[in-house]
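Each value in this text was obtained by applying a stated rule to the coordinates, not by laboratory testing. Values in this document were obtained by computation on a predicted structure and should not be read as measured data. Counting neighbours? That spans all protein chains shown, and the Cβs are built from the backbone with ideal geometry, glycine included.
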Amino acid sequence: MIIIDTKNYILDKYYNEHKKPSIIAKEIGVNPSYITKIIKKDIRYIPEKEYRIQISKENRKIAKREWIRNKRYNEADKQLYEFVKQQHIEASKELSYSSEMSDLAYRKWNPNAYHRNSKGNLVIDRKLKVGSDVPKSINMNIKISPQKYKKKYCYSI
């Protein structure tokens with residue numbers, strides 16, 4: 001037989017502090033089914049049960065909202081990561097091919113950096129500080145072999 005003080009302790013913990021029967025059972029050192037048996041005999045059991053059901057529903061709603069919010073953020077992060085990854089791949093392809101620019105092509109990109117000297121060659125302006133890979137002078141006296149082209153005639157309509 002259980003002592004009245006223990007029974008009052010169980011009822012107080014369940015109804016006033018809203019603790020679960022399993023937690024109360026661990027505190028006292030008895031089986032949770034025994035705690036449930038004592039609680040069900042009290043007249044406050046049905047309203048307390050409805051109250052706990054309502055609290056449980058609200059907690060599930062909150063948890064579901066949080067889960068959906070986290071899932072949306074994770075999906076948005078994944079999409080953003082994939083987008084940035086794709087941009088990186090495209091930029092790498094665009095910037096990683098190795099082709100050397102000819103001296104004349106470099107001069108076309110930087111026309112104000114060069115001027116002609118007395119021999120007719122292009123020489124870079126001395127005031128400019130440039131790297132070692134920039135051509136300092138471009139020989140313009142190179143003879144280009146003539147190419148043979150077939151004569152093509154265009155008629156306007």
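At-a-glance table
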| read-out | value |
| --- | --- |
| Over 26 Å (Cα to Cα) - which of LYS13/LYS64; LYS20/LYS71; LYS93/LYS129; LYS20/LYS41; LYS108/LYS129 fall in this group | LYS13/LYS64; LYS20/LYS71; LYS93/LYS129 |
| Unit charges at the beta carbon, dipole of the chain: most positive-side option, GLN86, TYR45, TYR34 | GLN86 |
| Residue of SER118, SER96, SER22 that the Gaussian network model of the chain assigns the largest fluctuation, springs spanning Cα pairs under 10 Å | SER118 |
| Net charge dipole size for the chain [Lys, Arg +1 and Asp, Glu -1 on Cβ; Debye, nearest 20] | 940 |
| Length released on extending from ASN74 to ILE89, taking residue separation times 0.36 nm less the Cα-Cα span | 3.2 nm |
| Neighbourhood charge, 14 Å Cβ-Cβ cut-off, centred on ILE46 and excluding it, Lys, Arg +1 and Asp, Glu -1 | +2 |
| Order by protection proxy (mean Cβ within 10 Å, highest first), peptides 23-33, 82-92 | 23-33, 82-92 |
| Neighbourhood charge, 10 Å Cβ-Cβ cut-off, centred on ILE23 and excluding it, Lys, Arg +1 and Asp, Glu -1 | +2 |
| Shape box of the range 1-96 [Cα atoms, principal axes, largest first, Å] | 85, 27, 17 |
